[in-house]
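Note sheet for the following structure.
The values are calculated or read from the model by the stated rules, or taken from the named source; none is laboratory data. Quick caveat, the model's predicted, so the values are computed rather than measured. Cβ placement follows ideal geometry from the backbone for every residue including glycine, while neighbour counts extend to all protein chains displayed. SASA here: full protein model, heavy atoms, side chains in, ligands and nucleic acids out. Shrake-Rupley method; radii C 1.70, N 1.55, O 1.52, S 1.80 Å.
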Amino acid sequence: MFTFNGKSKDVTVLDATSLAVVATLPVPDKPEFAVDDGAGQIFLNIESEPGQMVVIDSRHLTIKATWQLPGCNSPSGLAMDRTHRRLFSVCDDKVMAVTDADTGKQVAKVKIGEGPDAVAFDAKRGLVFSSNGEGTVSVVKQESPARYAVVSSVATQPGARTMALDSAHGKVYTVSSDFGPPPAATPERPHPRPTPLPDTFVVLVVSKP
C-alpha cells in the first residue's frame, strides 16, 4: 500500500499483510492525486508552482523520474488513459495538462473551469471529466492521443470538486452543500474554507439525458 503524505512531503509504503512500513520516499513538495499504470509504475502529482509529476517504480520502491508540468500550477487531480499512455493533470489557472506517460513530455493543455480538484477518464467514450469548485464539470473529448477539445461545461453547484466516474453507465457523481462564511483565520489555518451548512449535502449526477 502507498500513502501520499502532504505535511511530510513523502510517500509511505506499507506491507499490505503486516502493515509494516517497508519504505519512505521523499518527494519534492506536497503530493496530491496518484494513478498506477498496471505495469509497475505510479504517477504522482506534486502540488508545486510550477507543477511537477513524480514517477515511482512500485516494484523496486524507488523514484524513477521527476517531470516538470509547464503551465500547470498546483496540480491536484490525476487520471490516466492506459491504452494511449496519457496522463491528465488538473491545475490552477483553469488548465488541464496532458502528459506522455513514457517520455514525460507535454502533449496538450486544455482550458477547463476554475478550481478543479478531481479528474476522471472514460476510456469507453473517450472523455475526460474535470470537477471544478466554481460549480461546473468540464467535459473534454479525446479526438486523438494528441488532440483534445472541450465539448461541454456542465453546471453543477459551487464547491462540487470531489468526483467519481461510473464508466459502465457513462455517469459522473460529484458532491457539495450550501456554505456559510468561513471561520476566523488562525496561524494553523490562515485560509479557512467556508463552513458547510447542516442538512444541505447533495449528490449531483452528470449524464446524458
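Annotations for the structure displayed:
- Looking at region 96-149, the pairs of alpha carbons with a distance over 18 Å make up 31% of the total.
- If you count Lys pairs in the chain whose Cα atoms are under 16 Å apart, skipping same-chain pairs closer than 8 places in sequence, the total is 13.
- Alpha-carbon centroids, region 6-38 and region 113-159: separation in whole Å: 27
- Qualifying GluC sites (Glu not before Pro) in region 104-209, where qualification requires a DSSP coil assignment and no more than 14 other C-beta atoms within 10 Å, comprise Glu114, Glu188.
- Measuring spread by the Cα atoms of region 11-53 yields a radius of gyration and Dmax of 12.1, 38 Å.
- Orientation-averaged projection of the chain equals 13.2 nm² [convex hull of Cα atoms, one quarter of hull surface area].
- Normalised per residue, the accessible area of the chain is 52 Å², obtained with a 1.4 Å probe and no contribution from ligands, DNA or RNA.
- Evaluated at q = 0.15, 0.18 Å⁻¹: base-10 log I(q)/I(0), Debye formula over Cα of region 82-190: -0.65, -0.86
- Taking the square roots of five times each eigenvalue of the Cα gyration tensor of region 1-99, the equivalent ellipsoid has semi-axes of 23, 16, 10 Å, listed largest first.
- Mean projected area (nm²) of the alpha-carbon convex hull when region 129-184 is viewed from all directions: 5.3
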